1. Here are some conditions: (1) surrounded by 21 or more Cβ atoms within 10 Å (Cβ to Cβ); (2) closer than 22 Å to Asp434 by Cβ; (3) in contact with a helix residue (DSSP H, G or I) (Cβ under 6 Å, 6 or more places away or on another chain). Gly278 meets all but one. Which one does it not meet?
2. Between Phe86, Phe40, Phe77, which is among the aromatic types (Phe, Trp, Tyr), in the same structural domain as Ile137 (by TED's automatic domain parsing) and more than 30 Å from Leu286 (Cα to Cα)?
3. Taking Glu79 as the residue in question, decide whether it is without any contact (Cβ under 8 Å) to a residue 40 or more places away in the chain, in contact with a helix residue (DSSP H, G or I) (Cβ under 8 Å, 6 or more places away or on another chain), surrounded by fewer than 18 Cβ atoms within 10 Å (Cβ to Cβ) and part of a helix (DSSP H, G or I).
4. Would you check which residues across the range 281-295 are assigned to a helix (DSSP H, G or I) and either under 30 Å from Ala444 (Cβ atoms) or in contact with a helix residue (DSSP H, G or I) (Cβ under 8 Å, 6 or more places away or on another chain) (or both) and list them?
5. Considering each of Ile48, Ile10 in turn, give the residue that is in contact with a Cys (Cβ under 6 Å, 6 or more places away or on another chain) and either outside any helix (DSSP H, G or I) or under 28 Å from Asn201 (Cβ atoms) (or both).
6. Looking only at residues in the range 288-316 that are in contact (Cβ under 8 Å) with a residue 40 or more places away in the chain and of a type in the set (Ser, Thr, Tyr), which one is surrounded by the fewest Cβ atoms within 10 Å (Cβ to Cβ)?
7. Would you check if there is a residue in the range 320-336 being of a type in the set (Ser, Thr, Tyr), over 25 Å from Val236 (Cβ atoms), not assigned by TED's automatic domain parsing to the domain that holds Pro109 and not in a helix (DSSP H, G or I)?
8. Might you let me know whether the range 199-222 holds any residue that is under 30 Å from Glu313 (Cβ atoms), β-branched (Val, Ile, Thr) and either at pLDDT below 95 or outside any loop (DSSP other than H, G, I, E, B) (or both)?
Amino acid sequence: MNKEEILTEINEIKKNGGKNKICVCVIGIGRIGLPTALSFAKSGFKTIGVDINEDLINKIREREFPLKDEPGYQEIFEEVINNGKFSATNKIEEVVPDSHIILLSLPTPMDENNIPDYTALRTVAKQLKNLVTNDSIIIIESTIEPGFVENEFIKFVENKERQIIVGKNIGIGVCPETANPGEIMKDFESLPRLVAATDENTSELIRDIYKHVFPVELIQMPNCKTANAVKLTTNVFRDVNIAFVNELALLYDKLGIDIQTVLDAADKKYNFQIHYPGAGVGGPCLPVNSYQMLNSAKGISDDLLKMVKASREINESMPFYVLKLLKNAFTEIDKKIETSKILILGISYKPNVKDIQLSPAKIIISELKKLGTDIRIFDPFYKSTTVYGIKTANELEEVISDVDAAIIVTAHEEFKNIKPEYFSSKMRSPVLIDTRGIIDIHAAEKTGLIFRGLGRGKI
C-alpha cells in the first residue's frame, strides 16, 4: 500500500471507520507497546500485537488486560478486542508480510557491563529482512542511541535479493516514545512526539499516521539520529539533575539542613526545575539512556560526558548511602543490622506502578542479605508473591509489629497516607528511614521515631 492509499484509508477511517485495509503490526507489546497498539486500534486501524512472551499473549487471548496499573486502557482494551480491531500473536512470520505499518516497541536494556543491549532490535530486524513487503513502513519507537538506524538497522533490514531497499520501496522512521509508566494515557494525549525518517516521503507519511492516532504536537526532525539524540538528551538531563540533588542531600545531612525545605523554597523561582533525592534511579529509561549516551561518546573521546559519568556514579551509590543512614540510626538505639528485622516498603522503581526494573530496592535488599539480615517486604503492587527470593506480605499489618526498622524505598500513594505515629506505635524498634521525603520530619520526631532521611540534616 503506497502513500496515497494509506492517506485515503485514513480519511475513510475518519469518515466511517474505514474498511480495515491498513494492517498495523506492533512488535513488542509490553509496558509501552501494548498501550501504543491499543491507541492505534482505537483510532480505527486493524492492529496486531506480536510478542515472544507466551503468557502475555495467552492473557490477551483470554481477554485479560495485563496492565492493571495503567489507568484508562482497560476500557479501550475491551472495546478493541470485542470489535476485532486488536489481536495478539507470537508468530511474527504470519503477521509482518500482510502489515503495512510495522511498529517496534522493543526493550533496549544494558548488559552486565552497562553496555546497551540491542539484541531484541537486531533479532527482529534480521527477521524483517525476509518478511517485509514493498511499501512497508517500519517505525522504531524504542529508545536507541544516535546513529543506530543509519549505521546498523538499515543494513539488517535491507534485502537486495528480494529487492527490499530502504528509501526506494520501504521506509524506516523513528518516533521515540514519550510516556511515564502509570501515566501513559495522559502522556499520549499531551506530550509532543518527535518524527523522523530515512527519507522525506516516509517522514511525512509517519507524521500523517501519528497525527491521526495521537492528538499531540508532532515535531519534525531532520533525521533519525537527531530525533534519537533529543530523546536521550531529555532523559540524561533528568539523570544528571537527580544526581546533583542527591549530592546536595549528602551535604545537607552534614550541615543540618533539611533539603525538602530548600527545594520547596527554590521551586518558587521561575527558572528552577525541581528534582528530588532518592535511593537511586531505576527503571528502563534514565539509567539505560545515560549509558546509551556514554556509549555513543566512547568511540570519539574519553574526555566527553564527564558529568554524565559522574552522575551515574552518584546515583548508583545512593542505595549504599541508605544503608549508611540505617547503620547511623541503629547506633542511637544500640542495635546491629545483622541481628535485626528490616522492613522494605516499596520495591517498584517508581511510585504507583508494578515495575521493578533496575529498582534501587534490589541493591538495598542484596546488601542486607549479605549481612544476614532478616528482611520483610511490603509493596501494594507485589502482594503475596516472591520477589528477590523473599515472600512479600499481603498487608502491612502482617509484618510491621516485629521489625526493628522500616525503609521507605518507593513513594507509593498508599505510604504517603501513613502517619508517623503508626510506625512508632507498631514497630518493635522505632527506626524509620525515608528515602523519598514523604514523612514530615518534625511530626516523626514528636512521636519518638528514630528518623533518618536523605538530606534531612540528621547524620
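The values are calculated or read from the model by the stated rules, or taken from the named source; none is laboratory data. Computed from a predicted model, the values in this text were never measured in an experiment. Virtual Cβ from ideal backbone geometry, glycine too; neighbours counted across all protein chains shown.
1. In the conditions (1) surrounded by 21 or more Cβ atoms within 10 Å (Cβ to Cβ); (2) closer than 22 Å to Asp434 by Cβ; (3) in contact with a helix residue (DSSP H, G or I) (Cβ under 6 Å, 6 or more places away or on another chain), Gly278 misses (3) alone.
2. The match here is Phe86.
3. Yes.
4. Within the range 281-295, Leu286, Pro287, Asn289, Ser290, Tyr291, Gln292, Met293, Leu294 qualify.
5. Ile48
6. Among them, the one singled out is Ser296.
7. So far as the range 320-336 goes, no, none of its residues is of a type in the set (Ser, Thr, Tyr), over 25 Å from Val236 (Cβ atoms), not assigned by TED's automatic domain parsing to the domain that holds Pro109 and not in a helix (DSSP H, G or I).
8. Looking through the range 199-222, none of the residues is under 30 Å from Glu313 (Cβ atoms), β-branched (Val, Ile, Thr) and either at pLDDT below 95 or outside any loop (DSSP other than H, G, I, E, B) (or both).
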